[in-house]
């Protein structure tokens with residue numbers, strides 16, 4: 001009975017997390033229009049950071065709570081979800097997403113590099129505070145690169161009144177508070193679930209937390225492709241993976257170094273992520289478009305990953 005309660009609490013806190021993030025995204029978009037920011041600012045910076053807020057808040061909370069391994073699992077799982085499940089569903093729903101932009105293809109390569117950096121630093125089984133600083137420096141360099149290419153994007157001309165901007169600023173602040181609370185609940189419940197099912201916190205982060213924190217990206221991707229804003233969808237995807245790999249992991253590692261005792265739990269996710277990054281890079285460079293069959297392939301890759309992780313988790317708990 002207690003297990004069911006914990007699972008329901010996990011679902012509820014995830015829903016609250018998604019709703020709060022969705023409100024933040026809408027509020028940021030309105031405020032960015034009021035400030036007349038360029039389209040790239042919305043797609044590559046604001047939205048990417050906004051959709052990564054769940055991972056960031058969960059990462060900070062778990063690091064403070066002394067369970068930083070949950071952050072690593074959530075980031076690895078979230079990046080895999082974004083590049084397979086989220087992208088696959090968006091491509092299928094939109095019947096293909098154009099990737100003709102040289103800027104996007106170049107940023108997709110940067111994404112693969114930045115996502116691989118913390119994995120390389122993890123080769124000694126620990127992300128130290130020094131590693132966290134290094135990762136954050138790379139995120140800073142990524143933002144500088146984006147700012148340098150801002151002139152290649154058009155300015156937004158939608159009119160938003162001062163009253164609307166102030167209202168959305170209030171919504172933003174309230175939603176951030178709600179996000180903090182729901183992230184704290186999510187981390188505490190994740191620890192309970194790990195004990196209930198006798199599985200590692202890393203696996204809980206890879207599967208349960210990753211899916212919950214990746215739902216905002218899925219909502220934004222589908223909304224963007226429905227409105228024919230492919231650049232927004234792809235821009236958020238790239239920016240979100242980079243933010244997860246550098247901003248989230250960097251801050252979490254600085255607060256509390258992430259030590260991996262059982263590398264075998266993370267071995268499959270690490271290999272999957274490397275393979276998916278390569279496949280994604282190939283897809284965006286062939287035909288200059290993500291076509292339906294590629295979306296289906298990415299979707300099925302996540303299903304295979306999920307089944308593999310569940311099977312390994314079961315075997316690990318059974319042997320323990």
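When peptides 251-257, 295-301, 163-169 are sorted by average Cβ neighbour count within 10 Å, with the highest value leading, the order is 251-257, 295-301, 163-169. With the Cα gyration tensor of the stretch 174-246 giving a ≥ b ≥ c as the square roots of its eigenvalues, does the rule (a/c under 1.5 for rounded; else a/b larger than b/c for prolate; else oblate) give rounded, prolate or oblate? It is prolate, given that a/c is not under 1.5 and a/b is the larger ratio.
The fewest-to-most ranking of 106, 192 by surrounding Cβ atoms within 10 Å reads 106, 192. Computing FRET efficiency as 1/(1 + (r/R0)^6) for residue 170 and residue 141, where r is the C-beta to C-beta distance and R0 is 45 Å, gives about 0.85.
Quick note: the coordinates plus some simple rules give every number you see, no bench work behind them. These figures come from a predicted structure and were not determined experimentally. When we count neighbours, we look across all protein chains shown, and the Cβ atoms used for this are built from the backbone with ideal geometry, even at glycine.
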